[in-house]
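Novice: Quick one: the structure is below, questions incoming.
The values are calculated or read from the model by the stated rules, or taken from the named source; none is laboratory data. Computed from a predicted structure; not experimentally measured. No Cβ is skipped: glycine too gets one built from the backbone with ideal geometry, and neighbour counts run over all protein chains shown.
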Amino acid sequence: MTKTVKLFIDGEFVESKATQMIPVTNPATQEVIAETPCATNEEMVAAVESAKAAFKTWREVPVPERARLMMRYQALLKEHHDELATILAEESGKTFEDAKGDVWRGIEVVEQAANVPSLMMGESAENVARGIDTYSYIQPLGVCVGITPFNFPAMIPLWMFPLAIACGNTFILKPSEQNPLTPTRLAELFAAAGAPKGVLQVVHGGKEQVDHLLNDKDVKAISFVGSVPVAQYIYRTGTDNLKRVQAFAGAKNHSVIMPDANKQTVINNLVGASVGAAGQRCMAISVAVFVGKSQEWIDDLAVELAKVKPGVWTDKNAAYGPLVSPEAKQRVIDMIAKGKAEGADCLVDGTNCTVEGYPNGNWVGPTLFNNVTKEMSIYQQEIFGPVLCAMSVDTLDEALEIVNSNQYGNGTSIFTTNGAAARKYQHEVEVGQVGINIPIPVPLPFFSFTGWKNSFFGDLHAYGKQAIRFYSETKTITARWPESEIDNGPNMTIKLQ
Ligand code: NAD
């Protein structure tokens, strides 16, 4: 019998009473490996009630103790690194090494959460007026919520709940219905690390369950990662309901290649950053903008891309895995067809990709388009597949114009040996995360993940100091402790210092 993914409510892993189930499939075979329940209204209410009740006691737990929970959790995650990567690879199709990277990037955020005491320090100033001191404390918000996408089932939940909980909040995670097994195992290990009852809840489902959380008056903050239309919906509804919202969304990341760059370095980097993880990364490079004479580089890139072979996660030689679902595969195939119809030159075509022994896998081979223009659908839309678009321009200014006029601003990179070109690019580009001779510039967790424009809706970003601010309130106290009674009568005006 197919197992149903459990809910984690009030400290217990429980079978849902849901009547609606969503199959979780192995993307290389279509075998149903589990079912995601769509939590009932009663279960959603119970999760929020438990998180609300747990907040009363969890917020009083001293901050070094909360940090110690994160240290134990970090150690357990490391101990179970391979096991987590196996679960992740089975449900997502990622190669084992890439699945390990997904888990590792999450572990790094837990390490950051273990530093929470110093991150929660406020500010103070003595004698802001005669005999008066001002100081501030960072206090938790209450019940926080995370809604996560399919493509990083370990890393993205770990961007959220460890930092929120370390700040003294309680947390409800609603993972992607497509890949719920890894987040559920993350929750089991969190409980095993000693997380008190109710501090973390995991509920499953889709829009209905998300809507419940968006409309629940006890939910104070919502972190979302996913596609642009859903991010906009979450941001609008959440802020309409007067909640704090951060919503990370889709992307179209450009890499600009200057003629002075090292050719082989560029080609190696573009291949990995464009089709790695089947292009299902929000920081994947999907557009390569070549400055100056480029035809030979693009031809060589095509040769290298054509050599890349997808495969199942157990195959050590597989460069990447299948797409997450048949629907995702069809969408990418349709986009490739559109690119050809709109006049781009398809130099490498991954449409009819097969993998021996896995006829039902959601395979798409590496795909390279040349002579792509800004008007084409393959340029305008996020494809979220192993497809790279190449464009050529004469100057860095023209490249900047292309990147800056794009609606997205998640990540970008420049390849060059010229410091002045790199400096100009980093300064003028309107994108939140910039790599210089680094294709996918994802900041480590002591910085923040800072997408711009339509790649992010909100103010404070994920992890780093910004996440601490997102998951907390600042309380500023102004105090006077006179040594003897002062009687100057009522004060009716603002006093000039
Ligand atoms: P998605 O938007 O389909 O789903 C994300 C989450 O929202 C899931 O938990 C899902 O159940 C929920 N959801 C889906 N439809 C909903 C609706 N109508 N109302 C309320 N909730 C709904 O995204 P996905 O396909 O799982 O993930 C891929 C997308 O995520 C890509 O666009 C990718 O660029 C983006 N992404 C962005 C970042 C980033 O940091 N900017 C990181 C990873 C992924």
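Novice: Just need a number here: residues in segment 215-236 that are over 12 Å from T148 (Cα atoms), surrounded by fewer than 22 Cβ atoms within 10 Å (Cβ to Cβ) and either of a type outside the set (S, T, N, Q) or touching a strand residue (DSSP E or B) at 6+ places or on another chain (Cβ under 8 Å) (or both).
Specialist: Count: 10.
Novice: Restrict the check to segment 307-319 and report whether at least one residue is among the polar types (S, T, N, Q), buried (at least 20 other Cβ atoms within 10 Å of the Cβ) and farther than 17 Å from I267 by Cβ.
Specialist: Within segment 307-319, none of the residues are among the polar types (S, T, N, Q), buried (at least 20 other Cβ atoms within 10 Å of the Cβ) and farther than 17 Å from I267 by Cβ.
Novice: Also: Have a look at T19, T29, T40, T2 and point out the one that is polar (S, T, N, Q), modelled with pLDDT under 95 and over 26 Å from the mean Cα position of the chain (by Cα).
Specialist: Of the residues listed, the single one that is polar (S, T, N, Q), modelled with pLDDT under 95 and over 26 Å from the mean Cα position of the chain (by Cα) is T2.
Novice: What residue, among those in segment 165-179 that are of a type outside the set (S, T, N, Q) and in contact with a Pro (Cβ under 8 Å, 6 or more places away or on another chain), is farthest from the ligand (Cβ to nearest atom)?
Specialist: In this case the residue turns out to be G168.
Novice: Could you run through segment 200-219 and say how many residues are away from the ligand (no atom under 11 Å from the Cβ), within 13 Å of A46 (Cα to Cα) and part of a loop (DSSP other than H, G, I, E, B)?
Specialist: 2
Here is a yes/no grid of residues against (1) among the aliphatic types (A, V, I, L, M); (2) in contact with a Phe, Trp or Tyr (Cβ under 6 Å, 6 or more places away or on another chain); (3) in a strand (DSSP E or B); (4) within 16 Å of the ligand (Cβ to nearest atom):
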site	(1), (2), (3), (4)
A422	yes, no, no, no
P441	no, no, no, yes
L444	yes, no, no, yes
Q466	no, no, no, yes
K475	no, yes, yes, no
T478	no, no, yes, no
I486	yes, no, no, no
G489	no, no, no, no
T493	no, no, no, no
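Novice: Another question about this same structure. Go through segment 347-400 residue by residue and tally those that are away from the ligand (no atom under 16 Å from the Cβ), in a loop (DSSP other than H, G, I, E, B) and of a type outside the set (D, E).
Specialist: 20
Novice: Of all residues being within 11 Å of the ligand (Cβ to nearest atom) and of a type in the set (A, V, I, L, M) in segment 146-163, which is nearest to K217 (Cα to Cα)? Just the residue, please.
Specialist: For segment 146-163, the residue satisfying everything is I147.
Novice: Shifting gears a bit: Could you list, in sequence order, all residues of segment 255-277 that are touching a helix residue (DSSP H, G or I) at 6+ places or on another chain (Cβ under 9 Å) and within 16 Å of the ligand (Cβ to nearest atom)?
Specialist: Answer for segment 255-277, where residues must be touching a helix residue (DSSP H, G or I) at 6+ places or on another chain (Cβ under 9 Å) and within 16 Å of the ligand (Cβ to nearest atom): S274, V275, G276, A277.
Novice: Can you confirm whether segment 71-78 contains a residue that is of a type in the set (K, R), in contact (Cβ under 8 Å) with a residue 40 or more places away in the chain, farther than 29 Å from M1 by Cα and in contact with a strand residue (DSSP E or B) (Cβ under 9 Å, 6 or more places away or on another chain)?
Specialist: No.
Novice: Of a type outside the set (V, I, T), in a helix (DSSP H, G or I) and in contact (Cβ under 8 Å) with a residue 40 or more places away in the chain - does that describe any residue in segment 33-40?
Specialist: Looking for residues that are of a type outside the set (V, I, T), in a helix (DSSP H, G or I) and in contact (Cβ under 8 Å) with a residue 40 or more places away in the chain, one finds none in segment 33-40, hence no.
Novice: Moving on to the next point. Of the residues that make up segment 127-140, is at least one surrounded by fewer than 24 Cβ atoms within 10 Å (Cβ to Cβ), in contact with a Pro (Cβ under 9 Å, 6 or more places away or on another chain) and either within 29 Å of E208 (Cα to Cα) or of a type in the set (A, V, I, L, M) (or both)?
Specialist: no
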